[in-house]
Protein chains: 2
Amino acid sequence: MPCVLQMDFPTDGPFGAAMAEAFAELAESINDEPGFRWKVWTENRDAGEAGGIYLFDSYETAQRYLDKHTERLSGFGISAVNGKIFEVNEALSAINHAPVSGES
Amino acid sequence: MPCVLQMDFPTDGPFGAAMAEAFAELAESINDEPGFRWKVWTENRDAGEAGGIYLFDSYETAQRYLDKHTERLSGFGISAVNGKIFEVNEALSAINHAPVSGES
């Protein structure tokens, strides 16, 4: 059962192109995480927040990554992390063209 | 610039197949919302929460839908809605195979 991990946290940046440059290597490493399918990198300069929407193969792999990334963010000085894991309702998501089916 | 709308709220259900049956008509209608690209329907029976991850063409269309759906949820008796809009960092999302580029 695919699961969504949604994470967001307060940050002063970097945003945009500077964010892309700062975290390209981290992004590459995420492709190797167990059960990982995709991540949308999210940012809101005006709100001073950033985060990500991830799709994992299972609740367990999503939870493992949430634990790992929360610890990493803590090392960056970011502790107010909002992280939630949800199962995907596949029938409704299929109606709305969500890219969640198929193999990883 | 594509934008993610993430919404979640407390709920006693329905979940799973019953949720899919209850909201199929609503899902169909969402396909007609201005700027809408896709929605992943999310649910967590154990946490008593549900929601969605949406992709819209722009901040404005995401905001318009957030306002509309927040009012609709209020009509269902759901007022504790956690709704946030983020821009997509396309360079990093491309590294992580996120399904966010291209036309709607």
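Read-outs: derived from the displayed coordinates by stated rules, not from any lab. Fair warning: this is a prediction, and the values are worked out from it, not measured in the lab. Cβ atoms come from the backbone with ideal geometry, glycine included; neighbour counts cover every protein chain shown.
Both radii come from the Cα set of region B:22-100: Rg as radius of gyration, Rh as Kirkwood radius; their ratio Rg/Rh reads 0.98. Compare the Cα positions of A:ALA22, A:TRP38, A:LEU92 along the charge dipole of chain A (+1 at Cβ of Lys, Arg; -1 at Cβ of Asp, Glu; about the Cα centre) and return the one farthest towards the positive end. Value: A:LEU92. When +1 charges are put on Lys and Arg Cβ atoms and -1 charges on Asp and Glu Cβ atoms, the dipole computed for region A:3-95 relative to its Cα centre reaches about 100 debye.
With contributions of -39500 (n - 2.57) from each DSSP H run of at least four residues, the per-residue ellipticity at 222 nm computed over chain A stands at -11500 deg cm²/dmol. Under the definition of Cα pairs under 8 Å and six or more residues apart, what whole-number percent is the relative contact order of chain A? Relative contact order here is 41 percent. Pairing the Cα long axis of helix A:59-75 with the longest principal axis of chain A, what angle in degrees results, from 0 to 90 and rounded to the nearest 10? Orientation of helix A:59-75: about 0 degrees from the principal axis. Compute the long axis of helix A:16-30 from its Cα atoms, compare it with the longest principal axis of the Cα atoms of chain A, and write down the angle in degrees, 0 to 90, nearest 10. Around 50 degrees separate the two axes. With Cα atoms as the point set, the radius of gyration and Dmax of region B:1-54 evaluate to 11.9, 35 Å. Sorted from shortest to longest, the distances between the B:ALA24 label points of this copy and the other copies are 4.8 nm, with each point 7 Å from Cα along the line through the beta carbon. Chain A holds its axis-closest Cβ, relative to the rotation onto B, at the residue and whole-Å distance A:PRO99, 2.
Strictly greater than 25 Å: what percent of every Cα pair in the protein assembly as shown meets that? Everything past 25 Å amounts to 32 percent.
Placing a label point 7 Å from Cα along the Cα-to-Cβ axis, B:ARG45 is separated from the same position in the other copies by 4.5 nm, shortest listed first.
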